[in-house]
Amino acid sequence: MKNRFYTILILLFCIQINAQNIFKKGYFLNNSGDTITGYIKDFSWNNNPEEILFKSDLSDSQIKFLPKDIKHFEIYGEVKYKSAQVDIDISGNSSSLISENRSPSFVKQHLFLKILEEGQANLYQYRDRNTIKYFFSTEEVSLQPLIFKNI
């Protein structure tokens with residue numbers, strides 16, 4: 001009985017480890033405008049990725065891409081990210097972090113933004129360990145941060 005329990009436990013552990021290293025079918029658009037299909041490592045991102053790992057074929061070695069290297073990427077049917085240089089508000093939202101100044105404090109960063117909605121208006125999300133920020137764009141309006149401050 002104990003042996004069976006340990007065998008099942010080891011199998012579950014191996015499946016979990018293997019599940020963390022899955023490359024899924026997807027593509028990226030390079031800065032020249034070419035669509036490159038292949039496989040993107042799926043990290044099931046809770047926070048926006050700082051880089052992606054890509055393989056043209058599952059047997060190939062992986063290549064790392066940063067936001068500055070590509071325009072956007074998608075894991076088919078799951079998630080899509082746009083690369084953009086944006087103004088990020090680094091002033092805090094929690095009452096302990098809010099300064100006397102009500103104006104946002106922007107820093108320019110090149111990031112992957114998760115695409116939440118696409119259409120006449122586009123909605124994007126940036127999430128890291130400490131914050132969630134939203135951005136929008138339309139045909140007439142370039143990518144803009146949505147400003148939110150707790151008072």
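The values are calculated or read from the model by the stated rules, or taken from the named source; none is laboratory data. Predicted model only: the values in this text are computed from it and were never measured. Cβ atoms come from the backbone with ideal geometry, glycine included; neighbour counts cover every protein chain shown.
Odds and ends about this structure:
- Evaluating Ile36 against the criteria (1) touching a residue at least 40 places away in the same chain (Cβ under 8 Å); (2) surrounded by fewer than 17 Cβ atoms within 10 Å (Cβ to Cβ); (3) in contact with a Ser or Thr (Cβ under 8 Å, 6 or more places away or on another chain) leaves one unmet condition, (1).
Yes/no matrix, rows are residues, columns are (1) touching a Phe, Trp or Tyr at 6+ places or on another chain (Cβ under 8 Å); (2) on the phi > 0 side of the Ramachandran plot; (3) at pLDDT below 95:
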position: Ile22; (1), (2), (3): no, no, yes
position: Asn30; (1), (2), (3): no, no, no
position: Asp34; (1), (2), (3): no, no, no
position: Phe43; (1), (2), (3): no, no, yes
position: Phe54; (1), (2), (3): yes, no, no
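- Filter result for the condition that a residue is aliphatic (A, V, I, L, M), under 14 Å from the mean Cα position of the chain (by Cα) and assigned to a strand (DSSP E or B), over Leu29, Leu53: Leu53
- Strands (runs of 3 or more DSSP E) within the range 58-151 that include 2 or more residues within 26 Å of Tyr39 (Cα to Cα) and modelled with pLDDT of 95 or more: 63-65, 70-75, 79-89, 106-117, 121-127
- For the residues Ile36, Ile40, Ile63, Ile75, the requirement of being under 19 Å from Gln125 (Cα atoms) and in contact with a strand residue (DSSP E or B) (Cβ under 7 Å, 6 or more places away or on another chain) singles out Ile75.
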